[in-house]
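**Student:** Okay, handing you the structure first.
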Amino acid sequence: MSDEQQPHPDEQGNTGHYERADASKFPTTELGQRAAVEGMAAAKGWTGPGLSKSVREHNRRAAARSGLEIDRPRADVLRDKMLAIFAEMEEATELRRANQEAAHGLRELADRYAEAESHEERDAIAEQAGASLTLAEAGLIRRVAKAMERALPEMIVAAHVGDGEDAPGMAAPEIARELGCTSRHAYQVIRDNPWEARWVLYRATGDAQWEPVHSGTVQTTDTAAELAYHILAERVGDDVALARTDVRVCVWWTADELDDEPDPDEARATDYREGDTPLNH
């Protein structure tokens, strides 16, 4: 080709441009060369069983002219392994998608259940959902139920203890109604798992502050509110001076990892008594 025939840099030619591969990176051993050939052949589908015999023979002859040697049995094994990996990846992807959809559906169901205003409404929601769950949703519920079994006693105790005025402790029949179990079972769990309470009795000072007077820890199966009332009644009943001033008792659950001086605002229950007023709740 003369200089006049050479394409100019700004012309759009159709001449292919190739870069020679770095020969230093080629496999040097026979096994390495064979593995490279087999991998390329399998990836390009040269030796798959779905090809006709004439096509496979043509591919082998073409590879032979290029100086390549294809080991068909090994190439088939490599192809089967690759297909198996792809199938596993697709199955795992589908499983994740199904679990995500199931979790989303159950979250909506849980929100509806929590917003129900009566036990009868909750029963209706549960019955309706039970008949319309997908297999993935049912599987998720079963797995969550199994995982929950070990945590259930602590959940029952926590519900019984209570957490302040907005979430007072629940009696065993209430807990049983929520869980769909018998009251006897709820009672048994509460009796078998007493919780450790820390309490402080305060009396009012003249500057509208509270001064700690008595404190202690106790193992109990009462709710936090019940325990606060009993401690207040006992301590004030035995102390004439305390009976003449405003007092309060705060109760915490030691499982909450309390500070040396726990915050009364974080108490599980608080009971008050004004000075010279009878203790009757």
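**Student:** Please go through segment 203-234 and pick out each residue that is touching a helix residue (DSSP H, G or I) at 6+ places or on another chain (Cβ under 8 Å) and under 21 Å from residue 164 (Cβ atoms).
**Tutor:** Of everything in segment 203-234, those that are touching a helix residue (DSSP H, G or I) at 6+ places or on another chain (Cβ under 8 Å) and under 21 Å from residue 164 (Cβ atoms) turn out to be 210, 217, 218, 220, 221, 222, 223, 224.
**Student:** For segment 237-274: of the residues being in a strand (DSSP E or B) and touching a Ser or Thr at 6+ places or on another chain (Cβ under 8 Å), which is farthest from residue 167 (Cα to Cα)? Working first, answer last.
**Tutor:** Going through segment 237-274, the residues in a strand (DSSP E or B) turn out to be 247-253, 269-273.
The next check asks that each one be touching a Ser or Thr at 6+ places or on another chain (Cβ under 8 Å); those that pass are 248-251, 269.
Working: 248: 19, 249: 18, 250: 15, 251: 14, 269: 10 Å.
Ranking the candidates gives 248 first.
**Student:** Which one of these does residue 196 not meet: (1) touching a Ser or Thr at 6+ places or on another chain (Cβ under 6 Å); (2) exposed (fewer than 13 other Cβ atoms within 10 Å of the Cβ); (3) not in a strand (DSSP E or B)?
**Tutor:** Of the numbered conditions (1) touching a Ser or Thr at 6+ places or on another chain (Cβ under 6 Å); (2) exposed (fewer than 13 other Cβ atoms within 10 Å of the Cβ); (3) not in a strand (DSSP E or B), the odd one out for residue 196 is (3).
**Student:** Taking into account only those residues within segment 211-242 that are over 42 Å from the mean Cα position of the chain (by Cα) and aliphatic (A, V, I, L, M), which is modelled with the lowest pLDDT?
**Tutor:** 240
**Student:** Separate question: Looking at the structure I just gave you, is residue 203 in a strand (DSSP E or B) and either modelled with pLDDT of 90 or more or not small (Gly, Ala, Ser) (or both)?
**Tutor:** So residue 203 passes the test.
**Student:** Continuing with the same structure: Within segment 171-185, track down each residue that is within 27 Å of the chain's Cα centre (by Cα) and more than 22 Å from residue 126 (Cα to Cα).
**Tutor:** Once the filter is applied, which keeps residues that are within 27 Å of the chain's Cα centre (by Cα) and more than 22 Å from residue 126 (Cα to Cα), segment 171-185 yields nothing.
**Student:** Further, regarding this structure: Search segment 127-136 for residues being surrounded by 14 or more Cβ atoms within 10 Å (Cβ to Cβ) and part of a helix (DSSP H, G or I), and hand back the single one that is modelled with the highest pLDDT.
**Tutor:** To start, the set of residues in segment 127-136 that are surrounded by 14 or more Cβ atoms within 10 Å (Cβ to Cβ) comprises 129, 133, 136.
Going one step further and asking which of them are part of a helix (DSSP H, G or I), we end up with 129, 136.
Values: 129: 73, 136: 76.
Result: 136.
**Student:** Just checking, does segment 151-169 include any residue being farther than 29 Å from residue 269 by Cβ, at pLDDT 80 or above and of a type in the set (A, V, I, L, M, F, W, C)?
**Tutor:** No - not one qualifying residue is present in segment 151-169.
**Student:** Tell me the residue from 243, 228 that is outside the structural domain of residue 165 (by TED's automatic domain parsing), in contact (Cβ under 8 Å) with a residue 24 or more places away in the chain and surrounded by fewer than 18 Cβ atoms within 10 Å (Cβ to Cβ), please. Walk me through how you get there before you give the answer.
**Tutor:** On the way: 228 fails: surrounded by fewer than 18 Cβ atoms within 10 Å (Cβ to Cβ).
Within the list 243, 228, the selection yields 243.
**Student:** Okay, moving on. Specify the residue that is farthest from the chain's Cα centre (by Cα); the eligible residues are those in segment 267-278 that are surrounded by fewer than 14 Cβ atoms within 10 Å (Cβ to Cβ) and acidic (Asp, Glu).
**Tutor:** Among them, the one singled out is 276.
**Student:** Then there's this: Could you grab me the full set of residues in segment 205-225 that are out of contact with any strand residue (DSSP E or B) (no Cβ under 6 Å at 6 or more places or on another chain), closer than 19 Å to residue 266 by Cα and surrounded by 15 or more Cβ atoms within 10 Å (Cβ to Cβ)?
**Tutor:** The answer is 222, and nothing else.
**Student:** So which residues in segment 174-225 are farther than 30 Å from residue 244 by Cα and among the aliphatic types (A, V, I, L, M), if there are any at all?
**Tutor:** Hits for segment 174-225 are 175, 176, 179, 186, 189, 190.
The values are calculated or read from the model by the stated rules, or taken from the named source; none is laboratory data. Just so you know, these numbers come straight off a predicted model, no measurement behind them. Positions of Cβ are backbone-derived with ideal geometry, glycine not excepted, and every protein chain shown enters the neighbour counts.
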